[in-house]
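The values are calculated or read from the model by the stated rules, or taken from the named source; none is laboratory data. This is a predicted model, so every value here is computed, not measured. So basically every Cβ, Gly included, is an ideal-geometry build from the backbone, and we count neighbours across all protein chains shown.
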Number of protein chains: 2
Amino acid sequence: MTAKIPRYLIVYNALKKQIEADQYQTGDRLPPEPELEKKYNVSRTTVRKAVELLAGEGFVHIKQGRGTEVLDFKTTQKLQYVTSFSETLRGQGFTVSQRVLSVETVKPPGKISEMLSVSESEMVVKISRLTLANEVPIAVMTNYLFWEMVPDIEEKAPTMQSLYQLLESEYNIFIDSATDYISAANSDRNTAGLLKVEEGTPILVVRRISYRGGEPIEFADLQIIAERYEYSVHTKERPPKELNF
Amino acid sequence: MTAKIPRYLIVYNALKKQIEADQYQTGDRLPPEPELEKKYNVSRTTVRKAVELLAGEGFVHIKQGRGTEVLDFKTTQKLQYVTSFSETLRGQGFTVSQRVLSVETVKPPGKISEMLSVSESEMVVKISRLTLANEVPIAVMTNYLFWEMVPDIEEKAPTMQSLYQLLESEYNIFIDSATDYISAANSDRNTAGLLKVEEGTPILVVRRISYRGGEPIEFADLQIIAERYEYSVHTKERPPKELNF
DNA sequence: AAGTGGTCTAGACCACGAA
DNA sequence: TCGTGGTCTAGACCACTTA
């Protein structure tokens, strides 16, 4: 059985492959839409959907009346998608390992129950981990999950390498969006001890709420050694203009 | 003369207005596409474009075979678009003021010329500002712009309230994407003095490169008092699946 | 004026989810 | 099975950019 692949994705991938293979110089234009229709034997709608996908990812810039310009994808490709902290580190070439410090079922602390909008009577699973990049401590991570969603996670958590991968493979939970709140602090004694740095070392604090279809799934608290990690985010475009009747 | 407004935007705004007016309970479904076609007397393509816009902004969640679910927009509306630091603060209800500390034309420091990919012989304009929220210092901001793009900005900068607004109104430069690199540090003596905090106070460091159509326009360095500001970002969806031929 | 992308239609068939 | 959204077509007209 062969997977059914939409034709717009085929066109999208063909064009993307050409761009990544440097078949266009930066500043060159993609063939106009009528040409792409003929070349791939699809309708205009399909061509446009493919090109709009590329534009959304920063590969090209579409301009009415002018054409579709190919951008320098090497400088434009940033992480604007949901990935876990450990996946990001791996993508940067580090060998990442996790040491699970504790797995407990607890009543949600006030702040957590508020952010996950869960009553304080519903139990949550709290997982604390030390993240090491190339064997060197880089962050202390604490995750809170709904106990009902992840039965038996206490047994699986100690050996996992990525929480998101575990959620996908074992519980069929696919995170599709997340909000990060980023601030900074000086490390307290406890955190500094775990990270093996001096008390007062600058810490990047990331609190993340993950969602699936608009429903909160997980709350995470990361305390990252600022000198060893940089958070990057790419944002694009302003919202569509409002109407003024 | 009346502005020509696309029909999909009319449908989009009508639906958005209904959602914001709480005409749907969280979890309710939007009318199915065929109904929306009749109601607004447009084709299916137009309905879909409107609904996809809403989904992209987190107002609804589209699921094949199930329907289009209305989400709680109050908790979903985050800043995933390009806005300036001062615009964000104003959006949070602060009265924001800027004190321009200096405006100079300089040769780009090595790091800047590298990040903006500009030769060190091309001059850049360096603007340093102190940002105050409700009259209290909150950040020191340094912007670097191509001198050729912003002639006479030395005269205009001292009175501006938002750099992005100045770029748009005076130079017709519209930023459409940006990448932020976020880290943390302890304030040094100079920064601490400007911000009127103790040396060593945690600082959130944001370095931003702004683009227009893939071309770098501006580099910014923000040193923000961590206790007074939280950076938030909403990310969504993973990239389309790759094809494996 | 010519060529590019932007909007829109009417209709078809497919794939997923719930009853 | 039925109703939902997902993909796709062929063709039309509009709006912007450039020459």
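The set of residues from the range A:175-196 being part of a loop (DSSP other than H, G, I, E, B) and more than 7 Å from every other protein chain (Cβ to nearest Cβ) comprises A:175, A:187, A:188, A:196. The condition of being buried (at least 21 other Cβ atoms within 10 Å of the Cβ), of a type outside the set (A, V, I, L, M, F, W, C) and either in a helix (DSSP H, G or I) or at pLDDT below 90 (or both) holds for only one of A:168, A:227, A:242, A:218, that being A:218. Checked against (1) within 16 Å of DNA strand D (Cβ to nearest atom); (2) loosely packed, with under 15 Cβ neighbours inside 10 Å; (3) at pLDDT 80 or above; (4) of a type outside the set (A, V, I, L, M), residue A:2 meets all criteria but (3). Under the condition of being near DNA strand D (Cβ under 10 Å from one of its atoms) and over 19 Å from residue B:211 (Cα atoms), the residues counted in the range A:39-63 number 11.
Kindly provide the set of residues from the range A:117-136 that are over 16 Å from residue A:159 (Cα atoms) and surrounded by fewer than 20 Cβ atoms within 10 Å (Cβ to Cβ), ordered by number. Matches in the range A:117-136: A:117, A:118, A:119, A:120, A:121, A:122, A:123, A:134, A:135, A:136.
If I ask for residues that are within 24 Å of residue A:190 (Cα to Cα), modelled with pLDDT of 80 or more and not hydroxyl-bearing (Ser, Thr, Tyr), which ones from the range A:81-109 would you list? Hits for the range A:81-109 are A:96, A:98, A:99, A:100, A:101, A:103, A:104, A:106, A:107, A:108, A:109. None of A:198, A:168 is farther than 16 Å from residue A:224 by Cβ and in the same structural domain as residue A:95 (by TED's automatic domain parsing) except A:168.
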